Amino acid sequence: MSRHAQRIALSDEVKQQIQARASAPSTPQGQALRLRIILRAAEGKTNEQISQELDVCVPAVRKWRGRFAQAGLESLRDKPRSGKPPKYDHAFRQRVLAALEETPPAGQSTWDGPSLAAHLQVSDDAVWRLLRREGICLQRQRSWCISTDPAFAAKAADIVGLYLHPPLNALVLSVDEKPSIQALERRTGYVQTSSGKIVRGFKSTYKRHGTLNLFAALEVATGQVHSRTTAQKRREDFRAFMDAVLAELPPGQEIHVILDNLNTHKKNEEWLAKYEGRVHFHFTPTSASWLNLVEVFFCLLGRKALRGADLKNTEELRLLIEQFIKKHNETAKPFVWRKRDVKGSQLRNTVVNLCK
C-alpha cells in the first residue's frame, strides 16, 4: 500500500450502503466516483491501483481516502460554494412587482413582458423567468360574475338543495337553451408551425349557412339529456319542448325544473296550470345562471362537437348535435357540480399582496 494511503475498514452494513449509493441512478456522477474509490480502498488497493482502475489522478484518490478516514460518508459530498453573486435578487423581484402596480406605458391598457423589461431596463428573459417563478400570467384572464340578487341566498340554497337532496321519487331537470349555433363551413386540419409543433389549424375564411337553437334538459340524477333543435327560441318553442320531455317521462312523476331568468322561461303560468302539482319551476338568482348544471353539458358540446366543425348547412349541424347527444346518453353519468367562490374584494388585491 502507498506510504500516504489512509487505511479504511468498512463494516458489512456500511459497505452495502456505499455500494447501493454508488450504483443508484440518482447519485451524482462525481459522488459515485468517490464512493467507488472508498470501496476499492477498503479492499486494500493502493492509490496507484485505484487511479488506474478508475481513470482518476492519484492526488484525487488520496484526497477522498483522507476525507473519508476523518469524517466518514458525509465528507464525500460537495461542500457549499459561494458562486457568483445573483444579479436578479430579491430587490429585483420587488422592483418587478412594484412596476406591475404602476400605470402601463402610453398606448397600452396592461403590462406585458417586453414593456416591463424596457421600463426596468433589464432583459426580457429576466422578467419572464421571474414572472414564471411567481406564477404571474400577464395575458391570461379569468372572468367572474357576482349576483346582485337580494334573494340570492334563498334561491341558491333552493337549487343546491335540489342537487344534493332532491324530493323523494321526484325528478330534477336542469333546462336551458344554447341559442344561435352557427353552421359554419370552414376547412380544418392539422398544420406544422415554424417551431415544428403540430397544432389544429383552420382556414381564416368561412361561409355561414344559418343557425339553430338547441333546447336541452339534463336529468341531474343520471346525466341523461333530452333535446330538441329549433329555428327560433320563442316561448311557444320552449313550451313545446317541455311538453315533449314530459311525454317521455313516467306520467304522474313529480318534476322539478331549474331555469335561468330568460324571458322565455317566464310568464308560463297558463302552461304550468296544465301540470298543476306535477311540474315546479325553480329560477336561478339574477346573474347566476352558472348554478344551472346543464351549462356543463353545453361546454362539452361546444368543445367536443361544435368547435372546428365543417358544416355545409343547418341539417348537418342538427345531425351533428343529435349524434353527440346520442353518444353522450349511452355512457351518461351524473355531473359533479363545482363552483369556485370569487369575491369582488379580490379586485382590490395588488400583485404584491398576492405574491407575499
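Quick notes on this one:
To keep it simple, each residue is scored yes or no on (1) closer than 27 Å to Lys326 by Cβ; (2) of a type in the set (S, T, N, Q); (3) part of a strand (DSSP E or B).
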residue: Gly189; (1), (2), (3): yes, no, yes
residue: Ser194; (1), (2), (3): no, yes, no
residue: Arg200; (1), (2), (3): yes, no, yes
residue: Ser204; (1), (2), (3): no, yes, no
residue: Ala221; (1), (2), (3): yes, no, no
residue: Ser227; (1), (2), (3): yes, yes, yes
residue: Gln232; (1), (2), (3): yes, yes, no
residue: Asp237; (1), (2), (3): yes, no, no
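- In segment 50-102, of all residues being closer than 30 Å to Ser123 by Cβ and aliphatic (A, V, I, L, M), the one that is surrounded by the most Cβ atoms within 10 Å (Cβ to Cβ) corresponds to Val96.
- Residues of segment 29-47 that are free of Cβ contacts under 8 Å to residues at least 24 places away in the same chain and under 47 Å from the mean Cα position of the chain (by Cα): Gln29, Ala32, Leu33, Arg36.
- Picking from residues in segment 241-269 that are part of a helix (DSSP H, G or I) and under 26 Å from Ser287 (Cα atoms), the one that is most open to solvent (accessible area, probe 1.4 Å) is Glu269.
- Helices (runs of 4 or more DSSP H) fully within segment 275-356 that include at least 3 residues being on the phi < 0 side of the Ramachandran plot and modelled with pLDDT of 85 or more: 294-301, 314-330.
- Pick from segment 108-158, criterion farther than 24 Å from Thr286 by Cα and basic (Lys, Arg), ranking: least open to solvent (accessible area, probe 1.4 Å): Arg129
- Criterion applied to Pro105, Pro179, Pro167 was being of a type outside the set (A, V, I, L, M), touching a Lys or Arg at 6+ places or on another chain (Cβ under 6 Å) and surrounded by 12 or more Cβ atoms within 10 Å (Cβ to Cβ), and the one residue passing it is Pro179.
- Across segment 220-248, the number of residues qualifying as among the aliphatic types (A, V, I, L, M) and more than 19 Å from Tyr275 (Cα to Cα) comes to 4.
- Some residue of segment 116-129 being of a type outside the set (Ser, Thr, Tyr), touching a residue at least 24 places away in the same chain (Cβ under 8 Å) and within 30 Å of Val336 (Cα to Cα): no
- Pairs where the first residue, in segment 218-234, is closer than 18 Å to Glu177 by Cβ and the second is of a type in the set (Lys, Arg) and open to solvent by 20 Å² or more (accessible area, probe 1.4 Å), C-beta under 9 Å, 6+ apart: Thr229/Arg318
The values are calculated or read from the model by the stated rules, or taken from the named source; none is laboratory data. Bear in mind that the values here come from a model prediction, so they are computed numbers and not experimental data. Cβ atoms come from the backbone with ideal geometry, glycine included; neighbour counts cover every protein chain shown. These accessible areas exclude ligands, DNA and RNA; they are computed on the full protein's heavy atoms, side chains included. Shrake-Rupley method; radii C 1.70, N 1.55, O 1.52, S 1.80 Å.
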